[in-house]
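Please treat every number below as a calculation from the coordinates, not as lab data. Keep in mind the model is a prediction, meaning the values are calculated, not measured. Note that we place each Cβ from the backbone using ideal geometry, even for glycine, and neighbour counts take in every protein chain shown.
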Amino acid sequence: MARRPSGKRSVAGDGSFSVHGKAANGEGSLYPRRDGRWTATFRDGSGKLRTVSAKTREAVLAKRAAALEEVVNQTPSRFDRSVTVGVLAQWWLANVAAGQVRPSSLAKYADRVARVRAGLGEVRVRELRPEQVQVWLAGLQRDGLAARTVKDTRLTLRQVLAVAVGYGLVSGNVTDAVKPPKSQPAATRALTPDEARRLIGAASGDRLGAAVALLFVQGWRVSEVLGLAWADVDLDARVAVVRRAAVYVDGVGTVLGDPKTVGAHGVHHLAPGVVALLRARREAQRVEREAAEVWEEHVYDGERVELVFTTLTGGVLNRQKVTKVLARAAVAAGIDPRGLGTHVGRRTVVTTLYAEEGIDLADIARHVGHASSATTAGYVRRLGERPMITLQAAARHLDVIPDLEPSAAKPAKPRKPASRKA
């Protein structure tokens with residue numbers, strides 16, 4: 001019997017799977033199935049995920065290449081004054097958005113483009129009027145879409161029509177005359193330093209306790225936490241480098257990709273309590289590797305990656321696993337678990353730095369990797385006059401949440417995963 005080829009998709013004993021490596025935008029993923037056939041995914045001109053399969057890797061690659069060529073041929077390479085909104089929107093998605101956003105975000109743009117094509121697709125770009133756009137947006141709201149979703153859809157239409165302006169098809173962007181719907185800002189939550197301390201302590205005995213600490217002490221995004229590899233960490237020097245992220249792609253699963261912003265890259269100084277939990281995590285993972293029948297391997301940008309936080313068989317974790325740990329720890333710590341998502345940790349760090357430490361928003365933005373201090377300001381619950389303090393003072397926030405007691409950082413005893421059938 002021929003050896004089953006190893007590919008990008010790995011299935012864990014608990015039924016979860018991960019896809020390793022990185023393909024170019026629009027190419028999708030490639031992986032072998034349990035029955036020996038190969039499957040490849042790609043996105044069509046509307047952004048919808050499609051799949052093709054074949055007996056061999058070479059055959060499925062050829063099949064996907066032909067399908068992608070057909071997608072390109074369906075999209076015009078040049079426009080005239082008769083081009084419709086639908087054709088232009090499809091072209092923009094395949095040729096502009098696909099090269100600018102991460103695969104995990106492209107599905108959102110595809111949904112918006114689908115709404116544009118359904119409501120305005122047959123209208124010629126040069127004949128589109130502001131009142132038509134206004135009526136269309138009002139119809140989306142009447143159909144039950146949230147105001148924020150309608151607002152984002154209008155923004156995507158504006159980006160599509162900006163191409164028409166840039167290429168000289170029209171003289172102006174009609175969406176500039178259309179007011180977006182009013183939307184209430186989403187309710188946000190941030191813990192106090194005392195609540196954060198109790199939460200971290202309650203989670204410290206969990207195998208993902210160090211992940212919780214990175215969220216609520218360092219202020220990392222959960223995607224950056226789950227993309228962290230041991231090669232990125234120097235526990236003796238108490239520093240870590242963000243190089244990649246674990247992101248969810250519709251129809252594929254959680255994969256390794258680029259961090260959300262360029263500002264996320266760089267050296268991060270770790271609090272002593274975080275270092276202690278990472279040491280406990282390393283020891284716990286050693287035990288998990290010995291207990292697992294098969295330990296999944298990961299490759300990113302051509303390099304082998306040993307992730308810090310994995311499933312019990314080494315697979316890429318999805319963020320829901322961390323959310324469940326947060327909920328359990330909150331209950332144990334006497335904290336209301338409602339609305340306690342992974343991003344609460346980031347808001348907690350920003351609010352603590354600003355309200356408790358008095359650090360300037362621009363410095364906090366650089367510390368947590370925001371592209372703009374305006375984004376950071378949106379994280380803070382109460383904005384007021386604060387003194388200017390140098391970026392070096394940002395390190396003081398690491399002492400706001402004291403080190404955990406050594407006894408709190410014991411590695412959890414791993415559960416032995418269910419054996420896999422041949």
With a Förster radius of 30 Å, plug the Cβ-Cβ distance of Arg338 and Thr375 into 1/(1 + (r/R0)^6) and report the FRET value to the nearest 0.05. 0.75
Estimated FRET transfer efficiency (Ala231, Ala147; beta-carbon r; R0 35 Å; 0.05): 0.20
Label-point separation (nm) for Asp194 and Val299, each offset 7 Å from Cα along Cα-to-Cβ? 5.3 nm
With a ≥ b ≥ c the root eigenvalues of the C-alpha gyration tensor of region 132-241, is it rounded (a/c under 1.5), prolate (a/b larger than b/c) or oblate? prolate
Alpha carbon centre of region 272-286 versus region 121-164: separation in Å? 50 Å
Between Val239 and Thr51, Cβ-based FRET efficiency (R0 56 Å, step 0.05) works out to 0.85
Measure out, as a whole number of angstrom, how far apart the alpha-carbon centroids of region 343-367 and region 287-324 sit. 31 Å
List, in order, the whole-Hz ³J(HN,Hα) value for each residue of region 190-207 obtained from phi through the Karplus relation with A = 6.51, B = -1.76, C = 1.60 and θ = phi - 60°; use x for Gly and Pro. 9, 7, 6, x, 5, 5, 4, 4, 5, 5, 5, x, 5, 8, 4, x, 7, 5
Sorting check: for 83-89, 292-298, which peptide has the highest mean count of neighbouring beta carbons within 10 Å, and how do the rest follow? 83-89, 292-298
Of 54-60, 147-153, ordering from highest average Cβ density within 10 Å down gives 147-153, 54-60
Mind listing P(r) for region 85-177? All alpha-carbon pairs, 5 Å bins, whole percents. 2, 14, 26, 27, 19, 9, 2, 0
Estimated inter-spin distance, Ser82 and Val287, nm [label 7 Å along Cα→Cβ]: 7.2 nm
Provide the per-residue ³J(HN,Hα) series for region 119-127, in order, calculated from phi with Karplus coefficients 6.51, -1.76, 1.60 and θ = phi - 60°, each as a whole number of Hz, with x at glycine and proline positions. x, 10, x, 8, 7, 5, 4, 6, 9
If packing is taken as the average number of other Cβ atoms within 10 Å across a peptide's residues, how do 224-232, 316-324 rank, most packed first? 224-232, 316-324
